[in-house]
Every structure is written in C-alpha cells, then in structure tokens.
1. Could you check segment A:32-47 and list, in sequence order, the residues that are touching a residue at least 40 places away in the same chain (Cβ under 8 Å) and either away from every other protein chain (no Cβ under 11 Å) or polar (S, T, N, Q) (or both)?
2. Would you mind finding the one in A:212, A:271, A:265 that is closer than 30 Å to residue A:412 by Cα, surrounded by 17 or more Cβ atoms within 10 Å (Cβ to Cβ) and in contact with a helix residue (DSSP H, G or I) (Cβ under 7 Å, 6 or more places away or on another chain)?
3. From B:93, B:60, grab the single residue that is touching a Pro at 6+ places or on another chain (Cβ under 7 Å) and either surrounded by fewer than 16 Cβ atoms within 10 Å (Cβ to Cβ) or more than 23 Å from residue A:388 (Cα to Cα) (or both).
4. Does segment A:81-93 include one or more residues that are crowded, with 23+ Cβ neighbours inside 10 Å, in contact (Cβ under 8 Å) with a residue 40 or more places away in the chain, under 26 Å from residue A:360 (Cβ atoms) and of a type outside the set (Ser, Thr, Tyr)?
5. One residue is enough: does segment B:86-103 have a residue meeting the conditions more than 28 Å from residue A:392 (Cβ to Cβ) and at the interface with chain A (Cβ under 9 Å from one of its Cβ atoms)?
6. I'd like the full set of residues that are assigned to a helix (DSSP H, G or I), touching a Gly at 6+ places or on another chain (Cβ under 7 Å) and of a type outside the set (Val, Ile, Thr), limited to segment B:76-99.
7. Got at least one residue in segment A:58-80 being among the aliphatic types (A, V, I, L, M), modelled with pLDDT under 90 and more than 18 Å from the chain's Cα centre (by Cα)?
8. Given the options B:8, B:33, B:4, name the one that is touching a residue at least 60 places away in the same chain (Cβ under 8 Å), under 30 Å from residue A:82 (Cα atoms) and buried (at least 22 other Cβ atoms within 10 Å of the Cβ).
Amino acid sequence: MDVWSSLMDGFSTALTPLNLMYAMIGVILGTAVGVLPGLGPAMTVALLLPVTYALEPTSAFIMFAGIYYGGMYGGSTTSILLNTPGESSSVVTAIEGNKMAKAGRAAQALATAAIGSFVAGTIGTTLLAVCAPIVVKFAVSLGSPSYFAIMMLALLAVTAVLGKSRLRGFASLGLGLAIGLVGLDSVTGQSRLTFGIPLLSDGLDIVVVAVAIFAVGEALWVAAHLRRTPLHIIPVGRPWMGKKDWQRSWKPWLRGTVFGFPFGALPAGGAEIPTFLSYVTEKRLSKHPEEFGHGAIEGVAGPEAANNAAAAGTLTPMLALGLPTNATAAVMLAAFTSYGIQPGPQLFSSQGPLVWALIASLFIGNLLLLLINLPLAPLWAKLLQLPRPYLYAGILFFATLGAYSVNLQAFDLVILLVLGALGFMMRRFGLPVLPLILGVILGPRLEGQLRKTLQLSAGDPAGLFSEPIAIGIYVIIAIILAWPLVLKLIRRNRPATVLPTGYDDAEPTTEHHVASVPQATTTEAPTPTEQKQEKP
Amino acid sequence: MTIVVGYVPTPEGEAALTQAIAEAKKSNDTLLVINSSKGDALVDNRYAQEPDIQSIEERLAEHGIQHIIKQPIRGHDAAAEVLDAADDNDAKLIVIGLRRRSPVGKLIMGSVSQRILLEADCPVLAVKAD
C-alpha cells in the first residue's frame, strides 16, 4: 500500500464518531494543560495512560495525539496574554506576543499564533506522513550497532544540547539510566539495584516513574511555592487579523515550518532551538525591524509555526525508529509498550492501521484546534484564575489512582512518593526532567542493543563499529561533545570576537520553566508591590 | 487614628476608596488601604497592579492624606486581611464596598463583606457603587 491509500484508511478509522470524540477530548484537555504553566502534555498523557487501558489502543493514541498538539496551541495563549509561557517551546512567542498584547493587539497575536500553528501543523504532519515511511525503509536495514549509536546520539544530544547546564543534564540522565536498570538482567537473570526487595525485580513501571516525576514532583514544587504575586490577564476579544497582518504573517509561518520540522525530526530535536532560530531570522528579514521588541507580529508568527512543525517532526523518529526526543513523545512511546506494541521500524508494518489512524488524527486534531482556539481563546485564559490548590489536589488524586491501577500494588505508591520527592528535588536544584525520562525509557533498549551487538561479535567491542552508519554517528557525537571545548579554545585565542553559542543563556531550561521564574513573596515578607509611604 | 479601607480594582472598590478619602479628610486620620490576594491562582483580577496603585498613591497625595498602601499575599482571604489590619492598627472605622450577590453565590463562595460586617470590632461603613 502506498502512503496515500494508507492515510485514507487512517482517516476512515479516525473519523468514526467514537474516535472523533476522543480526538475532541484530547485537544480540549491538551489546550487546557498547555494554557496552565507547569502542566504539560507529557504529564497529562502519563496521568491518562492508566485510565485508557480499557480503551482500544487506536482510540487512546488518537486522544494522546490531540493532547500533544493541543499543548502546543495552549502554550501560546498564556505566553501572549500573561508573559508566562505554559510550555518551554512557547518561551520565544512570549517575547513579542506579550508586547503585542500590551499594545492592544492581543487579538492579532492570538490569531497569528493559532493560524500559524494550524498551517505549520498541517504541513508538518504531511511531511511526517511522507518522510516516516522513507525513514522506515532505511531503518529496517540497520543493525544493532547502528541502533545503539543512534540511541546514544539521541540521549547525549538531548542532554548536552538542550538546557542550560550540561552537568545538570548528565546528572539527570544518569538518574534516569539508573532507574531504568532496576530489575532483573534480561540476559543473565541477575537482579540489579533491587536491594533484596522482590517487588523491585520486575523493574519500575515506566508509568509510575513518569507520573511521579511529572505530576507529583510538579505538585510538590508548586505547593512549596504557592504564593506568588498574581497577575492581571490582558482582556481580549475574539482573535482576528487584518489584511496587513496576513501579509506580514504568511511568510514567517512558512519559514518557521521549514525551521521547525527538521529540528523536530532530528534525534537531538526539541522545539526550543527552531523557535529561537525562527525569531532571529524574522528579526533580520523583517521590513519593520524597529517593531521587534515592541510587538512585531512576525516574531509571533514564525516561532509559533516553528514550534508546531517541530511537534510534528518529533513524531517522525518516534514512529519510524521508536526514538523519542521530547518528553511527550517519550511518554507516548511508553504507552506503546504498555499496550504490548513494540516500537521501532517494524511499527509501520505490524501496526499499520494504528499508526496511520494516529497520523490522520493529527490532521483532524489540528483543524479542531483551530476551530476551538480562535473563538475560545479568552475563555481558555480564564482557566488561569483557577486556585492552584484545587487543581493540584486533582492532579495528585489522578496520579495516585493511576500509579495504583497499573499493577494494583500498594508498593507502587511508595515508589510514586519516593520518585515524586526526587522530581521535587530535581526542580529544586534545576535538573532538567527530560534526560531522566529519556534515560528511563531508552536505557533498557540501549542496553538490549548493546548486548545484542556484543553477543554477535562474541564480546569484542570492535563489533560496535562494524557498521558505517554507526561510525558516522560516533563522529557526530564526538563533535557535539567537543564543540563547547573547541569554542572555549577559540574564544581564549581571540577574546575580541564574540561567537554565537546558540541560545543557552537566553532560554530557561526545558520542563520546569515555571520553577525557574523567580517569584517573590513568602509568608510575612513584604511583597514587591507593597508600598509604604507616609506623608507628614 | 486609622481608617482601614478594603480596596479592589472594581467600581465597588473605587466607591469605597472615594468614601474613605472623604472620611479621612474630615477627621484628618491616617488611611490604610488594603488590597490583598490569596496568591494561589496565577491570575487574580482583584489584585491591583502597579499602575493602579500608583494612581491611588497620587490621588491620596493630592488630597494631602496620610496613607499606607498594603498588598499582603499570605494565603488569607480578603476579609481576614482587612480585619487583621483593623485590629493591628486599632482602627476607628473600616470602609468597604458592597456588590450585589445572589443567595446561591454567597452560599458557595461566602461573602467577604458579610464576614467583615459581622466580625469587625469597630464601625464598618459599607458603600455601593453608583
């Protein structure tokens, strides 16, 4: 079957009333968690995973896809109206978007974000449908050594390239790999890191780990920083755009898409770099460079498109190789495993209908998001007035329920609390969450490929370099790791030249941006806005 | 002596402030303006932002009234903050603004004004928006 007829089959599955309903639930939930800073699609999918065990896998994944895209849309609303990015990839949108809103152009900013997301999401999903089968064709020819190398690349790149501090990234990755090690060795049957507790010998359930780190960790963190100066939301009507806005928006949309998709599709993907690149490009190409910094519509249109195209791009390695590059894709991959579906290049052939229904539902979800976001943006903003104790109490309830329902073991609740405390400490010390989750999910598979390679080469490490692609990837890894060192050396030799080091200093870290925003006000301390003035 | 006024950036709050200014001018008292939030939601439209506070500041200075503006965020509700402030400063009067509430709304959300009216140890002056 060619791509077109498979995709049409996918549409016929995704367009059944039941699946349409799940897509609708998904996009609404996704938008809601995207709007609320601190919650994200990864956490939502993790929380819903145990609840959806009773569903058809196809319906569940259609819902997850809606949540994934919805999160991307929702983040821009908060960025624009509140200058508090709901999602790490919306950080750049906030720069110009909030300025636009303050200048009374919130409606146009929201409109260009929503329509740009729709355009980029649709093009991105089309590219996904076209590229993924090609990647699969190429991927089935790869052996264990190459897979091992690709996974190493993904882990190291996500850890070393994204986020502020490499040390913290690697610390987080190490924690993740260690958590992934718990249980019986798959080859020899030895128990590892079980501390003599028989219940640990099955390993830690990935759902429990994800829920603990994302949901419980975040809830504890918010509880520890509950009181902060509330902000005012900028009032806005129905989003709309004038003719001039369209003229200024359409090119940034397309350019943003071009930046977003490849970066999302690379193993080192993420939406942060392309959004930033798009912003810089639009600033340079704009006919109104003086408006940048005061609310230029291009600065919203480009990054928002890049962000959504990257979201589509991320699904390419996830579906074609079983390689997640952001937190939501990682949790979705875990979802595949818990449904008994083996992720990897075989996915397209063994689970063809499911995969194509998933891709079709991305198109549908995109359209639904445009329809519910354009008229309802002001309504979504109202969510931010929700008192957070209620919200997080609900999340903790679902987290506990979910963790318990996975194996119906009270012991899982202990693990949930312990790892939740770990998630809290990670936020406290600024460790990014993404490397940990990737480590937990990819670690065991990485080990599997390593063992297979070494078995084939009878224990000879040279077997790791037996495929040309593997060698090529190791070279890339070496460059990624050596790059900052080289930069430092060049800088030392020529101290006068300023080299662009990427976006490291401009960006908050990945998952816990809310945490990194310094918010004042504790119990008795005077608030920053408090004023005491007495006139004689 | 001190006059405490519970301020919110709404017509009711403005009415209360206007009334409080008149009272303070009459008796040459210190005016304590309280605008609080529990601080548990990301957005609270009843918490006055910087420009609001500045314009109040200017207005009070114009009238030549001794004043203190406080914006406590301590997780207490507005009634508790106003009553606390009145107690601490031995206030002689509390000024608040009233708005129309439905019985059901009051049942679910409670009423800040009602609590202040019932629990205050000093006279309470309640005004309505025009």
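1. Going through segment A:32-47, the residues touching a residue at least 40 places away in the same chain (Cβ under 8 Å) turn out to be A:32-43, A:45-47.
Across segment A:32-47, the qualifying residues are A:32, A:33, A:34, A:39, A:40, A:41, A:42, A:43, A:45, A:46, A:47.
2. Details: A:271 fails: closer than 30 Å to residue A:412 by Cα; A:265 fails: closer than 30 Å to residue A:412 by Cα.
Going through A:212, A:271, A:265 in turn, just one is closer than 30 Å to residue A:412 by Cα, surrounded by 17 or more Cβ atoms within 10 Å (Cβ to Cβ) and in contact with a helix residue (DSSP H, G or I) (Cβ under 7 Å, 6 or more places away or on another chain): A:212.
3. Values: B:60 fails: touching a Pro at 6+ places or on another chain (Cβ under 7 Å).
The match here is B:93.
4. Yes.
5. no
6. Within segment B:76-99, the subset assigned to a helix (DSSP H, G or I) is B:78-88.
Next cut, touching a Gly at 6+ places or on another chain (Cβ under 7 Å) only: B:78, B:82.
Within segment B:76-99, B:78 is the sole residue that qualifies.
7. yes
8. Details: B:33 fails: touching a residue at least 60 places away in the same chain (Cβ under 8 Å); B:4 fails: under 30 Å from residue A:82 (Cα atoms).
B:8 is the lone residue from the list that is touching a residue at least 60 places away in the same chain (Cβ under 8 Å), under 30 Å from residue A:82 (Cα atoms) and buried (at least 22 other Cβ atoms within 10 Å of the Cβ).
The values are calculated or read from the model by the stated rules, or taken from the named source; none is laboratory data. Bear in mind the structure is a predicted one, so any value in this text is a computation, not a measurement. Backbone-built Cβ (ideal geometry, glycine too); neighbour counts: all protein chains shown.
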